[in-house]
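Written out below as structure tokens is the structure these notes cover.
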Amino acid sequence: MLLAVLLCRPNGLVPVELMMDALWDGGPPKTARKNVHVYISALRKLLEDVGAGGRLVRRGSGYLLLVGDGELDALRFRSLARAGREASGHGALASAARLLKEALKLWRGPSLPELRNSRTISAEAERLGTRFLQVYEEWAEVELQLGNAKEVAETIDDLVELHPQRERLRAAHMNALFHLGRQTEAFAVYEEYRQFLAAEFGLGPSPVLEAQYRSMLA
């Protein structure tokens with residue numbers, strides 16, 4: 001659990017108070033601070049045993065774990081996503097699609113599933129999950145610009161089902177189906193989303209999505 005907290009903020013200062021919250025979920029014992037230091041010592045010993053001594057550093061009121069870009073999937077993911085966005089911004093769509101897809105391939109499912117009983121770690125896992133969705137949406141939009149609607153349509157269904165509120169996913173789903181000649185299904189995606197928003201929030205689709213839908217009808 002302590003290692004997970006440190007790896008959620010690689011190369012960044014993690015205050016002892018945050019470690020206490022993660023380990024005891026808001027109800028630390030009186031000896032919590034002392035216990036954290038004992039756990040830190042044990043973790044340092046484990047790291048030394050595998051030739052990674054000196055990675056865990058004390059800074060002021062907390063600790064940081066030194067990690068290289070190629071040593072942690074989350075850092076690799078962030079680096080690839082950034083490179084993909086830069087390529088897209090420069091109009092290099094094929095490179096952007098490749099880099100973003102490489103980032104997405106690093107995922108094997110929800111992050112930190114065994115440790116989500118801790119609210120602190122659960123919040124970090126949700127943050128990572130949101131980043132994955134954002135990168136998937138960016139990848140889908142680039143692939144659609146390249147004319148690769150089939151690949152998007154084949155991968156997007158499960159994400160839409162898991163995250164029905166995300167409009168960018170719905171828009172990409174609509175576009176992919178429409179460009180594959182499956183207009184009726186594309187219109188059904190819009191209608192399902194419209195009904196979902198009305199039932200859950202008393203709202204309608206954004207003007208951007210509505211305009212996309214009307215352009216498909218034209």
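Every number in this text was worked out from the coordinates using simple rules, so none of it is lab data. Not measured: the values here are computed from a predicted model. With ideal geometry, Cβ positions are generated from the backbone for all residues, glycine too; neighbour counts draw on all protein chains shown.
Local charge sum around L23 (other residues, Cβ-Cβ under 12 Å, Lys/Arg +1, Asp/Glu -1)? The partial results should precede the final answer.
Values: positive: R33, R119; negative: E17, D21, D25.
Result for the local shell: -1.
Would you mind checking which residues have amide H under 5 Å from Y63's amide H? H placed 1.01 Å from N; only 5 or more apart, or other chain.
Those qualifying (amide H under 5 Å, at least 5 residues apart or on another chain) are V14, V16.
What would the Debye formula give as log10 I(q)/I(0) at q = 0.09, 0.14, 0.19 Å⁻¹ for the alpha-carbon point model of segment 1-145, no solvent?
Taken in order of the listed q values, log10 I(q)/I(0) reads -0.36, -0.75, -1.09.
Among L2, I156, G129, whose Cα projects farthest towards the positive end of the dipole of the chain, with charges put on the beta-carbon of Lys, Arg (+1) and Asp, Glu (-1)?
L2
Rounded to the nearest 500 deg cm²/dmol, what is the calculated helix-only ellipticity per residue at 222 nm for the chain, with -39500 (n - 2.57) per DSSP H run of length n ≥ 4?
Working: 10 runs with 147 residues, N = 218.
Result for the chain: -22000 deg cm²/dmol, rounded to the nearest 500.
Between A211 and A92, what is 0.36 nm times their sequence separation minus the Cα-Cα distance? Round to one decimal in nm. Before the final figure, lay out the partial values.
Working: separation 119, 0.36 × 119 = 42.84 nm, distance 2.70 nm.
Value of the extension gain: 40.1 nm.
Mind checking which of G26, L80, A171 is farthest towards the positive end of the chain's charge dipole, using Cβ charges of +1 (Lys, Arg) and -1 (Asp, Glu) about the Cα centre?
G26
Under the Karplus relation 6.51 cos²θ - 1.76 cosθ + 1.60, θ = phi - 60°, what is the ordered set of whole-Hz ³J(HN,Hα) values for segment 211-218, x standing for Gly and Pro?
Along segment 211-218, the couplings run 5, 4, 4, 5, 5, 6, 6, 5 Hz.
Round to the nearest 10 and give me the degree value, 0 to 90, for the angle of helix 149-162's Cα axis relative to the longest principal axis of the chain.
60
At most 13 other Cβ atoms within 10 Å plus a DSSP loop assignment makes a site exposed; report the longest stretch of the chain without any exposed trypsin sites (Lys or Arg not before Pro).
Numbers: sites that count: K30, K105, R108.
Free of exposed loop sites, the longest segment is 109-218.
Considering only C-alpha atoms, what is the centroid distance from segment 194-218 to segment 1-67, in Å?
47
Note down the magnitude of the dipole of the chain about its Cα centre, charges +1 on Lys and Arg C-beta and -1 on Asp and Glu C-beta and zero elsewhere, to the nearest 20 debye. Numbers along the way, then the final one.
Values: 28 positive and 28 negative charges, 213 e Å.
It comes to approximately 1020 debye.
If I fit a long axis through the Cα atoms of helix 183-201 and take the longest principal axis of the Cα atoms of the chain, what angle between them do I get, 0 to 90°, rounded to 10?
For helix 183-201, the angle is close to 50 degrees.
How large is the charge dipole for segment 12-138, taken about the Cα centre, if only the Cβ atoms of Lys, Arg (+1) and Asp, Glu (-1) carry charge, to the nearest 20 debye?
On the way: 20 positive and 15 negative charges, 50 e Å.
The calculation lands at about 240 debye.
Testing the spin-label approximation: label points 7 Å from Cα along Cα→Cβ at E154 and A123. State their distance in nm.
Going by the 7 Å Cα→Cβ label model, 4.0 nm.
Testing the spin-label approximation: label points 7 Å from Cα along Cα→Cβ at L66 and L13. State their distance in nm.
Here the modelled spin labels are 1.8 nm apart.
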